[in-house]
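The values are calculated or read from the model by the stated rules, or taken from the named source; none is laboratory data. Not measured: the values here are computed from a predicted model. Virtual Cβ from ideal backbone geometry, glycine too; neighbours counted across all protein chains shown. Surface accessibility is based on the protein's heavy atoms, side chains included, excluding ligands, DNA and RNA. Shrake-Rupley method; radii C 1.70, N 1.55, O 1.52, S 1.80 Å.
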Amino acid sequence: ISQGTDLLLILFNTWSSIMTLTVWLVSTLAGSLAGLVLGQDCSGQGVTWGPGIGPPPSGCGTGPAPPPGENTGKSASCVNPTCSSPPCAAALLGDVGCTTVSGTETLKHELVAAGGTIASNAHINGPFEAGFTSMQESIIRNWGCTDPSKVYDSDGGKDVGIAERHVAYECGITFPRTVGSEYFGVVGPCGGHTNDYHFHMRFACLYVESGSHSTAVGNVASHKMYGKWEDHAQNKLPYLDACGGHFGPTPDSATTVYHYHVQDRAPYTVGCHGPSSSGGLVSI
């Protein structure tokens, strides 16, 4: 009986040791995996990766999807540039100004739902895209391009219009295009894109194309920028200088002031910060 009892005790102690070792191994492995995920730097979400930008780093998941209709057209703080001795060069990439009104997007595009709000103080960027790489592969595939590498361009430097025509040609697709309530284009119908929302063109949801002189959409350095029309009722577009501005009355000033207008062609906003050093129009 004593030998049988001793055998049972040995078996029990062995089993307990095995279970303890198993628990330790599982705990250690779980901790290591958690460290891999939790230790991953995922701080670039919305800037270097995320919906509408590119795939996440390993271990970062996909990030939370914005609820339908949520205000996703948000921007990090926009910094309006200064020009103390005009004319000044406008940035080719980055902020050339900041919007002063909000708008409502008409169609779904990337992170912005149809009916989503484009918040004020959004970035006004120059006409050029920074280029497309494998970081934008998922976006390019979503456009309908089966081989995204055809449009990879790490150097950038194409204005939005040329970039869209290049994508259309290389991928053999209609681009931009509207399918149902979704818009496929480098920028959305209002004229901007990405999680850190910034405009390149149009500003279509920030002013109404009616009446006479278009209302203001933003500030560019020391002067206001207005929608495209000098007088919509008269189908009259403004004559602009090399910077994209001119002198005249506006909805905000009965007296003649220097101001900019949105343009249908590149540079879409401003080519430089005016007026001239003598206080007149800027020529080249």
For Pro148, are the conditions met, namely being open to solvent by less than 30 Å² (accessible area, probe 1.4 Å), more than 21 Å from Gly191 (Cβ to Cβ) and not hydrophobic (A, V, I, L, M, F, W, C)?
yes
Quick count over segment 252-265, residues being in contact with a strand residue (DSSP E or B) (Cβ under 9 Å, 6 or more places away or on another chain) and either assigned to a strand (DSSP E or B) or open to solvent by less than 70 Å² (accessible area, probe 1.4 Å) (or both), is 9
Picking from Glu164, Glu170, Glu137, the residue that is in a helix (DSSP H, G or I), within 30 Å of His273 (Cβ to Cβ) and modelled with pLDDT of 95 or more would be Glu164
Tell me yes or no: at least one residue of segment 218-225 is β-branched (Val, Ile, Thr), open to solvent by less than 10 Å² (accessible area, probe 1.4 Å) and under 21 Å from Ile118 (Cβ atoms). yes
Taking segment 170-184 and the residues there that are touching a strand residue (DSSP E or B) at 6+ places or on another chain (Cβ under 8 Å) and either among the aromatic types (Phe, Trp, Tyr) or open to solvent by less than 70 Å² (accessible area, probe 1.4 Å) (or both), the one that is farthest from Lys108 (Cα to Cα) would be Phe175
Within segment 67-94, the count of residues that are of a type in the set (A, V, I, L, M), assigned to a loop (DSSP other than H, G, I, E, B) and modelled with pLDDT of 95 or more comes to 1
Exactly one of Gly97, Gly131 is assigned to a loop (DSSP other than H, G, I, E, B), open to solvent by less than 50 Å² (accessible area, probe 1.4 Å) and of a type outside the set (Ser, Thr, Tyr), and that residue is Gly131
